[in-house]
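Note sheet for the following structure.
The values are calculated or read from the model by the stated rules, or taken from the named source; none is laboratory data. Just so it is clear, the model here is predicted, and its values are computed rather than measured. Ideal geometry is used to build each Cβ from the backbone, glycine not excepted, and the neighbour counts take in all protein chains shown.
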Amino acid sequence: MESLKELYKIGPGPSSSHTIGPLRACKRFKNVYSDADNYLVELFGSLSLTGKGHYTDMICIKTLSPTPTEVKFHSDFLEAHSNMMYLHAYKNGEEVGFWEVASIGGGSIRILNLPKENFEVYKENTFEEIYMYISENQISLVDYVLENEPDIMEYLEEVWNTMQDSIERGLSRDGVLPGSLKFPRMAKAMYEEALASTNEIEKHRNYVTAYAFAAAEENASCNEVVTAPTLGSCGVLPAVLTYYHKNLGYPKEKILEALAVAGVFGNIVKTNATISGAEGGCQAEIGVACAMASSAIAYLHDLPNHMIANAAEIGIEHHLGLTCDPVGGYVIIPCIERNGVAALRALDNAHYAKVLGKNKPNFVDFDTVVRTMKNTGMKIPVELKETSLAGLASEVKIY
Ligand code: SF4
């Protein structure tokens with residue numbers, strides 16, 4: 001598996017595959033072909049169909065500026081991947097550079113016509129392999145991460161700070177989100193509701209929801225957030241961690257460890273299935289975010305490793321088949337609310353893992369649910385995988 005640095009990426013919203021991926025590709029292309037007179041970016045498949053609402057053209061033009069850049073949208077899908085882009089560089093009217101780039105989810109890219117890069121740092125690829133290793137060596141999941149990435153905590157601190165900043169900003173802002181939906185920001189009002197509430201259960205659920213909305217609204221506003229595992233799902237994990245830190249008093253060190261644990265589960269999915277809505281539907285984004293958050297909570301509650309994995313498994317199991325149908329191509333409906341719902345579910349999942357785990361064996365292990373998610377994603381029609389051609393995107397007409 002790759003480094004957690006390749007899973008948690010800091011960057012501008014609203015979509016890791018549609019903004020961070022293209023941004024990284026354009027940045028690297030510009031470095032190689034810095035003396036080009038002009039660039040052409042061609043977007044294909046989902047990258048094209050939701051490229052406007054996800055601001056893909058804007059991010060490409062901005063990243064390649066001041067060199068003039070044309071962006072072309074093609075609705076057809078290329079065989080290599082559902083999120084494809086071609087980058088061309090021209091000098092004196094001649095093409096001097098060409099990259100074929102797949103934006104594979106969570107802001108990661110593959111340049112298909114260059115030799116494959118290797119970011120692998122973990123030998124193990126499945127939870128079964130990891131579980132065997134940590135059981136044999138009697139180490140925790142956090143020790144396992146540190147053994148493979150001794151300097152990761154410093155990076156996770158940066159990730160955590162960015163997550164907190166995005167939530168703080170989101171909680172303080174009013175008005176409507178960018179785009180033709182004119183969708184009102186809700187995080188601040190929900191946070192005020194939480195502060196004023198005298199019902200303890202309602203209060204705490206409102207805190208979690210407000211944090212999830214805050215990060216997701218900052219994402220929809222193209223501001224800086226963290227892929228966890230993607231930007232569309234960037235509110236789930238930060239929401240529960242902020243709740244445990246700010247409202248329940250868990251220390252920062254423990255929160256950073258929980259981030260590491262959640263990263264292991266996100267990484268397993270990224271390695272063996274997909275974290276791209278264009279490839280696997282929303283189960284691959286919100287479902288995985290929920291799994292990561294569930295494992296983080298289970299870790300914070302000091303549950304044993306098999307129960308942590310069970311919590312993560314429940315997170316995906318109950319999102320299986322979830323489609324991606326963003327209204328107007330914006331990462332707003334259903335995305336923002338979905339972050340809040342998944343954050344609340346993550347609290348329940350950790351609880352289920354603890355209670356059920358005491359009384360019965362887990363019949364669905366984590367690796368099995370990951371495989372199931374991958375196979376289910378392949379059967380979801382393309383219209384419901386980040387193309388805005390069906391589902392809520394075709395039913396909801398509010399713009
Ligand atoms: S519906 Fe889910 S997968 Fe699709 S853009 Fe929204 S958060 Fe991402």
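A few notes on this one:
- Residue pairs whose Cβ atoms lie under 6 Å apart, sitting 6 or more positions apart in sequence or on different chains, and linking a residue in segment 152-176 that is more than 18 Å from GLU257 (Cβ to Cβ) to a partner that is surrounded by fewer than 18 Cβ atoms within 10 Å (Cβ to Cβ), are VAL176/LYS182; VAL176/PRO184.
- So HIS88, is it of a type outside the set (Phe, Trp, Tyr), more than 24 Å from the chain's Cα centre (by Cα) and outside the structural domain of SER276 (by TED's automatic domain parsing): yes
- Filtering segment 122-151 to residues that are within 13 Å of ALA260 (Cβ to Cβ), assigned to a loop (DSSP other than H, G, I, E, B) and either touching a residue at least 60 places away in the same chain (Cβ under 8 Å) or among the polar types (S, T, N, Q) (or both) leaves TYR122, SER140, GLU149.
- Among the residues of segment 310-317, not a single one is without any contact (Cβ under 8 Å) to a residue 40 or more places away in the chain, surrounded by fewer than 21 Cβ atoms within 10 Å (Cβ to Cβ) and under 18 Å from the mean Cα position of the chain (by Cα).
- Unique match (being of a type outside the set (Gly, Ala, Ser), touching a strand residue (DSSP E or B) at 6+ places or on another chain (Cβ under 6 Å) and without any contact (Cβ under 8 Å) to a residue 40 or more places away in the chain) among PHE77, PHE29, PHE44, PHE73: PHE73
- Filtering segment 203-259 to residues that are within 16 Å of the ligand (Cβ to nearest atom), more than 30 Å from PRO150 (Cβ to Cβ) and touching an Asp or Glu at 6+ places or on another chain (Cβ under 7 Å) leaves only GLY232.
- Residue in segment 249-268 that is part of a helix (DSSP H, G or I), closer than 22 Å to ILE314 by Cα and among the aromatic types (Phe, Trp, Tyr) present: yes
- The residues on offer are GLU285, GLU257, GLU279, and the sole one that is of a type in the set (Asp, Glu), touching a helix residue (DSSP H, G or I) at 6+ places or on another chain (Cβ under 6 Å) and under 30 Å from GLU383 (Cβ atoms) is GLU285.
- Test: residue in segment 118-136 that is in contact with a strand residue (DSSP E or B) (Cβ under 6 Å, 6 or more places away or on another chain), farther than 29 Å from LEU300 by Cα and of a type in the set (A, V, I, L, M, F, W, C): no
- Test: residue in segment 159-180 that is of a type in the set (A, V, I, L, M, F, W, C), surrounded by 13 or more Cβ atoms within 10 Å (Cβ to Cβ), in the same structural domain as PHE213 (by TED's automatic domain parsing) and within 19 Å of GLU2 (Cα to Cα): yes
- Single condition PRO66 does not satisfy, out of (1) farther than 17 Å from THR230 by Cβ; (2) touching a Pro at 6+ places or on another chain (Cβ under 8 Å): (2)
- Segment 1-15, residues that are under 15 Å from ASN219 (Cα atoms) and either more than 12 Å from the ligand (Cβ to nearest atom) or assigned to a helix (DSSP H, G or I) (or both): TYR8, LYS9, ILE10, GLY11, PRO12
- Considering only residues in segment 154-179 that are over 20 Å from the mean Cα position of the chain (by Cα) and part of a helix (DSSP H, G or I), the one that is farthest from VAL142 (Cα to Cα) turns out to be SER172.
- Helices (runs of 4 or more DSSP H) enclosed by segment 271-384 - at least 3 residues per element that are within 16 Å of the ligand (Cβ to nearest atom): 277-280, 286-300, 335-359, 366-379
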